[in-house]
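Below are the structure tokens for one structure; questions will follow.
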Amino acid sequence: AQSVSQHNHHVILSEAASLELGCNYSYGGTVNLFWYVQYPGQHLQLLLKYFSGDPLVKGIKGFEAEFIKSKFSFNLRKPSVQWSDTAEYFCAVNYNQGGKLIFGQGTELSVKP
Amino acid sequence: KAGVTQTPRYLIKTRGQQVTLSCSPISGHRSVSWYQQTPGQGLQFLFEYFSETQRNKGNFPGRFSGRQFSNSRSEMNVSTLELGDSALYLCASSFWDRQETQYFGPGTRLLVL
């Protein structure tokens, strides 16, 4: 079955700490990978995406993610978090099915000033 | 360019009633996907419409249905509401292909009493 797993439900960090959020997906052939963020009271918005090519992709606000095909992983990283990064982060996978995204359960990130 | 809009933003219904939610995609986008977001189940795909045809469907009962109009606007309907249908319903639009980014609306928060 198609599934996406995010390792952490809630992560608490202090400002300037480094961030890594894990995401694994079940095998399903060619996939497209996304990280979305939902700031408190705001819409889901795209942080970054991977379709093909360089497995290290850079997104907005200093975020980056690495696609490791052999591990079916797409982990999100940021070297130094800010209080404004407090939000819920969702990993999503498209298994070559039109506009159908399979989402992970989400990781709530709290950054202490 | 205007974003994805959803109406109404909030809705309170009682069990057994039916409800219709509306979504206007970004101008030029032809694919509209619907998702249900709840604290327990996270973000789950309901269905996708493209060129007035349902292209993908998630694992929801037949009480959940949708349609798309020639101008790409979409509606979803839930009949015979149950308490468990209380959720945030999100609409997302994209141009047409799985490799396109989906842009999300603010959602309609439905409370079933």
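The values are calculated or read from the model by the stated rules, or taken from the named source; none is laboratory data. This is a predicted model, so every value here is computed, not measured. Virtual Cβ from ideal backbone geometry, glycine too; neighbours counted across all protein chains shown. The area values use the complete protein model at the heavy-atom level, side chains included, leaving out ligands, DNA and RNA. Shrake-Rupley method; radii C 1.70, N 1.55, O 1.52, S 1.80 Å.
Specify the residue that is least open to solvent (accessible area, probe 1.4 Å); the eligible residues are those in region A:1-19 that are at pLDDT 95 or above and part of a loop (DSSP other than H, G, I, E, B).
The initial filter retains those residues of region A:1-19 that are at pLDDT 95 or above, namely A:4-6, A:10-19.
So of that shortlist, the ones also part of a loop (DSSP other than H, G, I, E, B) come out as A:15-18.
Details: A:Glu15: 86, A:Ala16: 69, A:Ala17: 31, A:Ser18: 80 Å².
That would be A:Ala17.
In addition: Pairs only if they're at least six apart or on different chains, beta carbon under 9 angstrom, first in region A:44-72 and polar (S, T, N, Q), second open to solvent by less than 50 Å² (accessible area, probe 1.4 Å) and assigned to a loop (DSSP other than H, G, I, E, B); list them, first residue then second.
Pairs that qualify, where the first residue is polar (S, T, N, Q) and the partner is open to solvent by less than 50 Å² (accessible area, probe 1.4 Å) and assigned to a loop (DSSP other than H, G, I, E, B), are A:Gln45/A:Tyr39.
Can you go through B:Glu48, B:Glu52, B:Glu75, B:Glu82 and tell me which one is closer than 26 Å to A:Gly41 by Cβ, acidic (Asp, Glu) and either open to solvent by less than 40 Å² (accessible area, probe 1.4 Å) or touching a residue at least 12 places away in the same chain (Cβ under 8 Å) (or both)?
B:Glu75
On to the next question. Any idea which of B:Leu21, B:Leu81, B:Leu11, B:Leu46 is within 14 Å of chain A (Cβ to nearest Cβ) and aliphatic (A, V, I, L, M)?
On the way: B:Leu21 fails: within 14 Å of chain A (Cβ to nearest Cβ); B:Leu81 fails: within 14 Å of chain A (Cβ to nearest Cβ); B:Leu11 fails: within 14 Å of chain A (Cβ to nearest Cβ).
Matching residue, one of B:Leu21, B:Leu81, B:Leu11, B:Leu46: B:Leu46.
Related question: Being touching a residue at least 24 places away in the same chain (Cβ under 8 Å), among the aromatic types (Phe, Trp, Tyr) and within 20 Å of B:Gln36 (Cβ to Cβ) narrows it down to one of A:Tyr39, A:Tyr27, A:Tyr89, so name that one.
After ruling out the rest, the residue left standing is A:Tyr89.
In contact (Cβ under 8 Å) with a residue 12 or more places away in the chain, within 13 Å of the chain's Cα centre (by Cα), within 14 Å of chain A (Cβ to nearest Cβ) and surrounded by fewer than 18 Cβ atoms within 10 Å (Cβ to Cβ): does that describe B:Thr5? Break it down stepwise before answering.
Values: in contact (Cβ under 8 Å) with a residue 12 or more places away in the chain: yes; within 13 Å of the chain's Cα centre (by Cα): yes; within 14 Å of chain A (Cβ to nearest Cβ): yes; surrounded by fewer than 18 Cβ atoms within 10 Å (Cβ to Cβ): yes.
Yes.
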